[in-house]
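S.K.: Could you have a look at this structure, given as structure tokens, before my questions?
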4 protein chains.
Amino acid sequence: MSANGAPPPADDARERICELCRLFYDKGWASGTGGGMSIKQGDTIYMAPSGVQKERIQPGEIFELDSQGAVVTGPSHLKLSQCAPLFMAAYTLRGAGAVLHSHSLNAMLATVLDESASEFRITCLEMIKGIKGHGYHDHLVVPIIENTAHECDLADDLTAAIKAYPKAAAVLVRRHGVYVWGDSWVQAKTQAECLDYLFEAAVRMKQLGIDWTKPPLVLGSDVAVMGGKKRKLENGEAAAAGVGVGVEQQVVSDRGMGG
Amino acid sequence: MSANGAPPPADDARERICELCRLFYDKGWASGTGGGMSIKQGDTIYMAPSGVQKERIQPGEIFELDSQGAVVTGPSHLKLSQCAPLFMAAYTLRGAGAVLHSHSLNAMLATVLDESASEFRITCLEMIKGIKGHGYHDHLVVPIIENTAHECDLADDLTAAIKAYPKAAAVLVRRHGVYVWGDSWVQAKTQAECLDYLFEAAVRMKQLGIDWTKPPLVLGSDVAVMGGKKRKLENGEAAAAGVGVGVEQQVVSDRGMGG
Amino acid sequence: MSANGAPPPADDARERICELCRLFYDKGWASGTGGGMSIKQGDTIYMAPSGVQKERIQPGEIFELDSQGAVVTGPSHLKLSQCAPLFMAAYTLRGAGAVLHSHSLNAMLATVLDESASEFRITCLEMIKGIKGHGYHDHLVVPIIENTAHECDLADDLTAAIKAYPKAAAVLVRRHGVYVWGDSWVQAKTQAECLDYLFEAAVRMKQLGIDWTKPPLVLGSDVAVMGGKKRKLENGEAAAAGVGVGVEQQVVSDRGMGG
Amino acid sequence: MSANGAPPPADDARERICELCRLFYDKGWASGTGGGMSIKQGDTIYMAPSGVQKERIQPGEIFELDSQGAVVTGPSHLKLSQCAPLFMAAYTLRGAGAVLHSHSLNAMLATVLDESASEFRITCLEMIKGIKGHGYHDHLVVPIIENTAHECDLADDLTAAIKAYPKAAAVLVRRHGVYVWGDSWVQAKTQAECLDYLFEAAVRMKQLGIDWTKPPLVLGSDVAVMGGKKRKLENGEAAAAGVGVGVEQQVVSDRGMGG
């Protein structure tokens, strides 16, 4: 498949979901029947079934829904994913082209670093640029909603979170996982990869005693000095640096990662 | 293979054991000849041989036992798995359709987090729903038995543990690993995946200073507040919340994970 | 290949080394040209070349040595592995059928847990049974030799360590890696897998504050009590238990792991 | 492909970039469109496109540049990697044959262990020998430059770092990743593997409370004592040992790793 993200022919959406579910299983995002994936192609939404081994789904087992979320066709012996109302929220409120749900341990742990927080927040990491509309110095904010006994009961909170965080490309669910969407399956997947990296980075930085929620106490490249000389800022400068490049700063021109 | 868990034809059980042993090896559950797998098809029990590289087993090397555990056929140059009496305990006492044994480091570490505990206990994680009969707010309890010099000597304790914990789908063996069963190979495998996630979660939460044995000190989604507002409970409320959703609470309707 | 460890035909040794080097690369034991593998077939010793990407070695690039370590044939454009004298030590002093060298980070870290120790020591883990001649309650002891600027200069210390530790199946090299041997490639590989698990277990137990060098402070299965009752030993009993099942105890009948 | 590092035919460079990008993706170095790869063949430089899934690049999507960095041919629907000026710095200043860029979490974390440091420094690990011109006792030094909002703005600092550290085979970018080069794609890849190991080693040694920047407080093999006897140096000796084998010591004959 081409790297340029051109949409696959409509009849490829089923194959793509199966392929990506295998990939997500290998990443540990979809073990034990957890996780899931949906792609919108034209007005048709393709969605994985519920409660099955995601890595072994076959194209013929994918459900087809119309743009309102009503099932058009689907295998009679399977149930539609319980994530369906959650996936629909991203399609309806964000015009998403694809939505995925991951049970990654990194995502789960990111929600327990501070159990009283209703947001996951991180800044000054290159991978933040992989999330649409974000630059390196921005604070990436992902809302966290509380988990419920039944997955369908998450829909109201997820909807509220999507509305309350218009820049967010994802919603975390406490002690559960994350929902991520994008304009296409490519963007949903790559944003999910960047987010998973950021969740893991936060967990590992916590273990190393580093605060992942604030800019580092050194200035950016404009004051970088090469050749082994150390740069230590005075406390006053450091605080100013933190403020200056810090909270909710937006980049005007977002060029993403160009590696 | 279909995602819907329909049982494979009887002549597929040998192939399935070989495939799953390769998978478990890749997961680190069956390195160094450790671990193993057994499937029951009708009245016939298929079981891997002992002391061999599990990822390289061939279908012709699988033993066939009758429902009482007596060997019907098997390769003359190999020995039956020493796990046989342990696998039989799950078949006999639980009517299992498949049993697996994992040497996962996560399972081993879960048994040393508290060496004086005879149970592994965890609550309020979505993956708990992947274990039959359990909901998100339940306390998942897996009995831990002490290891013995010889694997066959575990049988009495394993049997006692299976009887003492009727809700358990698994028994941990201290500093050794875990036995997991299910109604089918699909359920045995997916439950093993959920358990391994939970064992790893406990170990990593311990390293992050988070108590995995108790509900978090915040209420559920009914009091969730979106939009960046923090929710901090008074100590009294928090304690009440812990009690209210806590110890041994059962969900009436268990719908499992529907991602 | 059969799981029963029957030796492959002589003309398979070259293929086997290539296959195992790919496997070891995937495990992280042979990245960056590090690590290596040798197999003895009859009186001929097959050995990988030096300083090349181990996962991309082709059968035609394997050197052939006689039983004294003299090169019989080999590709003119490559150098023999610098591990050659080290591999020969295991062939000569232990009658090994295969020797491998791993740069696993787990092995390296196991040598720095105590930089003043000349032994790695661990006890009461099931995977110890995967090392020939060892039971669950034994103390597995792997000598650690100091690293040198040039790999060939390790030979004297390695030889001394092999002689000084007749039960050892491996020698660790400080801040470097491990040499592991066995009667066959199967045993060398499975023992290397068990050892890597044990090295990782020690590192992770250290991070969890658990002493991996001593038996746990609870007695074995003969006093195990099921059903949630806690077992806590008095200090006196615990100490006695530690002594009783502890230092250098040998199992008479070693049946290995039978999972 | 042969293990001996012979350069592939010119028409293989495109295939090689695609293959290595898949490999780097599997290693976690190129997730979420991050990372990248370039190879020089004769006077032609081959470079991956920008902002695409690196593991899915096709040979026809690779850009061709002349030796001055001007695009000769490339797919009209894609943009050249934003790493281009950075890759060119290594080609121009070091005569590199290949350059790669990794977003490995290990590399990122290595830059935050000390946010005020402008160098990553490690010593006395075997894998240091995998970096050209370095021996076991050397201090491997990798300059760290500060990250910028846009990748192209790193070029000046990267150029300055390459000039200031003539022995370095890589430059780290704070909270971002690492650029690594070599005389060939083989050397760029194997050096990147060795560096990633060293970054991970530093992070894990920090978590274990071990100083990765200084030689260990024991002497080398010339004073190694086998057979279980402990070696503890007097403080004076230890300090002397640290100095003697320590800072910026060079090996005259660098034979690399010969495993």
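The values are calculated or read from the model by the stated rules, or taken from the named source; none is laboratory data. This structure is a prediction, so every number in the text was calculated from the model and none was measured. Methodologically, a virtual Cβ is constructed for each residue, glycine included, from the backbone with ideal geometry; neighbour enumeration extends over all protein chains shown. Only protein heavy atoms, including side chains, enter the accessible area calculation; ligands, DNA and RNA are left aside. Shrake-Rupley method; radii C 1.70, N 1.55, O 1.52, S 1.80 Å.
S.K.: Given the rotation that superposes chain D on chain A, what residue of D brings its beta carbon nearest the axis, and what is the distance in Å?
M.R.: Taking Cβ atoms only, the nearest residue and its distance are D:Gln207, 5.
S.K.: What's the average, rounded to a whole number, of partner chain beta-carbon atoms within 10 Å of each residue's beta-carbon in A:65-74?
M.R.: For this peptide, the per-residue mean of nearby foreign Cβ atoms is 0.
S.K.: Provide the buried accessible surface between chains C and B in square angstrom, both chains summed, 1.4 Å probe, rounded to the nearest 100.
M.R.: Accessible area lost upon association: around 4400 Å².
S.K.: Can you give the translational diffusion coefficient of region B:1-139 in µm²/s, computed by Stokes-Einstein from the Kirkwood radius over Cα pairs at 37 °C and 0.692 mPa s?
M.R.: 200 µm²/s
S.K.: Taking a ≥ b ≥ c as the square roots of the Cα gyration tensor eigenvalues, with a/c under 1.5 meaning rounded and otherwise prolate when a/b beats b/c, else oblate, which class fits region B:88-137?
M.R.: oblate
S.K.: Separation between the C:Arg121 and B:Asp153 pseudo-spin-labels, each 7 Å from Cα along Cα→Cβ, expressed in nm?
M.R.: That separation, rounded to one decimal, is 2.3 nm.
S.K.: Give me the inter-chain shielding for B:143-153: mean count of other chain Cβ atoms within 10 Å, whole number please.
M.R.: 6
S.K.: Would you mind giving the mean number of other chain beta-carbons within 10 Å of the Cβ of each residue in C:26-38, as a whole number?
M.R.: Mean number of neighbouring Cβ atoms from other chains: 6.
S.K.: If you don't mind, there's one more thing I want to ask. Mind ordering B:166-176, C:160-170 by average Cβ neighbours within 10 Å, highest first?
M.R.: B:166-176, C:160-170
S.K.: Which shape class, rounded, prolate or oblate, goes with region C:15-61 when its Cα gyration tensor gives a ≥ b ≥ c as root eigenvalues, a/c under 1.5 marks rounded, and past that a/b bigger than b/c marks prolate?
M.R.: Prolate shape, in that a/c is at least 1.5 and a/b is the bigger ratio.
S.K.: For the pair B:Ser67 and D:Ser76, what calculated FRET efficiency results from E = 1/(1 + (r/R0)^6), where r is the Cβ-Cβ distance and R0 = 60 Å, to the nearest 0.05?
M.R.: With a Förster radius of 60 Å, E is 0.35.
S.K.: About the Cα centre of region A:21-156, how large is the charge dipole given +1 on each Lys and Arg Cβ and -1 on each Asp and Glu Cβ? Please answer in debye to the nearest 20.
M.R.: It works out to roughly 420 debye.
S.K.: Among the listed pairs A:Lys27/B:Lys40; D:Lys27/D:Lys129; D:Lys54/D:Lys79; B:Lys129/B:Lys167, give every one whose C-alpha distance is greater than 18 Å.
M.R.: As for pairs spanning more than 18 Å Cα to Cα, those are A:Lys27/B:Lys40; D:Lys27/D:Lys129.
S.K.: From the P(r) of region C:101-203, can you give the percent of Cα pairs sitting at distances over 21 Å?
M.R.: Value for region C:101-203 (Cα pairs over 21 Å): 25 percent.
S.K.: Given axes a ≥ b ≥ c from the Cα gyration tensor, I'd like to know whether region B:153-222 is rounded (a/c under 1.5), prolate (a/b larger than b/c) or oblate.
M.R.: Verdict is prolate for region B:153-222.
S.K.: What chymotrypsin sites (Phe, Trp or Tyr not before Pro) does region D:51-107 have in DSSP loop regions with at most 16 other beta carbons within 10 Å?
M.R.: Taking region D:51-107 and a limit of 16 other Cβ atoms within 10 Å, no loop chymotrypsin sites (Phe, Trp or Tyr not before Pro) are found.
S.K.: Also, quick follow-up: Give the residue list of trypsin sites (Lys or Arg not before Pro) in region D:70-130 that are DSSP loop and have at most 14 other beta-carbon atoms within 10 angstrom.
M.R.: none
S.K.: Give the value in nm², to one decimal: projected area of the alpha carbon convex hull of region B:118-174, averaged over all directions.
M.R.: 3.8 nm²
S.K.: How far apart, in nanometres, would the label points at A:Lys214 and D:Asp114 be if each is projected 7 angstrom from Cα along the Cα-to-Cβ direction?
M.R.: Label at A:Lys214, label at D:Asp114, 2.1 nm between them.
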